[in-house]
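Inspection log for the structure reproduced underneath, given as structure tokens.
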Amino acid sequence: MKKKITIKPWGLKTYGLKLSNKKLLATIFAFGCLFTACKKDQSDSALLSPEKSAFNATSNAVATLSIPAKSEALLAMQVYNNHFYNQYGTYGPSYKAYYWKDDNHTGRMDFWTQQEAIEMLIDAYNINPGTDLKNKISYLYNGVRDGYGLLWADNKFNDDIVWGALMCVRAFKITNDGGMLDMAKNNFNMMWNRAWDTQSLGGGLWWTTDNQTKNTCVNAPAVICAMLLYQATGDVSYKNKAKLIMDWMVNRLYDSSSGEVKGAINKAGTITEGALSYTQGTFIGACDLLRADFPAINYLAMGTKAMDYARNSLCNTPGGILKDENGIADTQGMKSIFARWACLFVKNTGTASNYGPWLDANAAQAWSIRNNQGLMWNIWGTRTPESTRNAFETTCGVAMVNGIYYYR
């Protein structure tokens, strides 16, 4: 039985999902929304009726949003695959695939967003294990090998390398494919050798090979990746690296009074970026993975403080729906990364009674705004337009509706 969440939206309308051929046949119910001041591209705004493009503060109508069922979380992943998954040939005895960057199929997703879409697929498999999703993980991994090679040293973005290595080690846990583990190790090691630096700012990983800023978007996922490599290999050097990175982040980027995780610091020691959902989320994930191996340090308290900050300050209203983060293409899918590590933190720390209702409400809200095709964009305050959607923005809802089943 679905849990119900009561909110005040601006309207209620029923939409049908009719997907022909590859597409699934399903009936989709789209509901209104809780929050205000949604950032939208102008082209999308024109597609939305006035009552759905802005919050009606005088509305007293109350609708009940349902938390999507576990089977509907799988449906969300299948709809996404039907739109964006492209299997384009054989790869040895197997196959290779990638995700299109949009549903006009104008090319493959960028390197780092591709890794995050595959991580979303890994989450969906963890929630609803099945041969189809498992095979797609392997084929997409083969597509990364085919498209970018085994070592990504030509990519100047150290965070890209970490996202790719993290995808590989997580995929390895599902497939036990040693090639995935080797790719994760070799690329993490390459990144570490060029990015870790103690001469400037006392440590930390540089964001790019230009060595101008040290960013949470490389450091926090590197902690997660290093800990997963340690778990996969038993090589304690990865655990030690994770601890070094985390010590530096806590010293330089974590605000212990508020729980905010700053986004970046330059060589002069000036903070140049505030918190975003994906950096806040990966810091939370890093705290979670370090807890058991370093019990003398209260990483649980840090992770909890960071979760509290996200709930209070990264939503449109405290305890409400996560912000759109629609400023540029690279930010549009960031909530998918937050959803992953926040939901795993809740599962692993047994804090569902505290954070579960908030995360559930976000999943219900995301599920309520899907369009006739079943896609959910990142602007959870307005119904997803029927116009061309990109593959990164539409990871957010899929990750959120699947993520809650880590702890439910």
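Bear in mind these aren't lab numbers, they're just calculated from the coordinates by the rules spelled out. Bear in mind that the values here come from a model prediction, so they are computed numbers and not experimental data. Positions of Cβ are backbone-derived with ideal geometry, glycine not excepted, and every protein chain shown enters the neighbour counts.
Quick look at the values:
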| quantity | calculated |
| --- | --- |
| Fewest-first ranking of Lys262, Lys323, using other Cβ atoms within 10 Å as the exposure measure | Lys262, Lys323 |
| Relative compactness, region 318-404, computed as alpha-carbon Rg over 2.2 N^0.38 Å | 1.05 |
| Kirkwood hydrodynamic radius of region 331-372, Cα pairs, Å | 11.2 Å |
| Ranked His83, His105, criterion: other C-beta atoms within 10 Å, fewest first | His105, His83 |
| If the convex hull is drawn through the Cα atoms of region 58-214, its volume per residue in Å³ | 187 Å³ |
| Three-way shape call for region 72-138 based on the alpha-carbon gyration tensor, with the a/c threshold at 1.5 | oblate |
| Anisotropy class of region 261-408 from Cα gyration tensor, a/c 1.5 cut | oblate |
| Computed P(r) (all Cα pairs; region 106-185; 10 Å bins; percent) | 19, 56, 22, 2 |
| Thr213 long-range amide H proximity, modeled H, under 5 Å | Trp207, Thr208 |
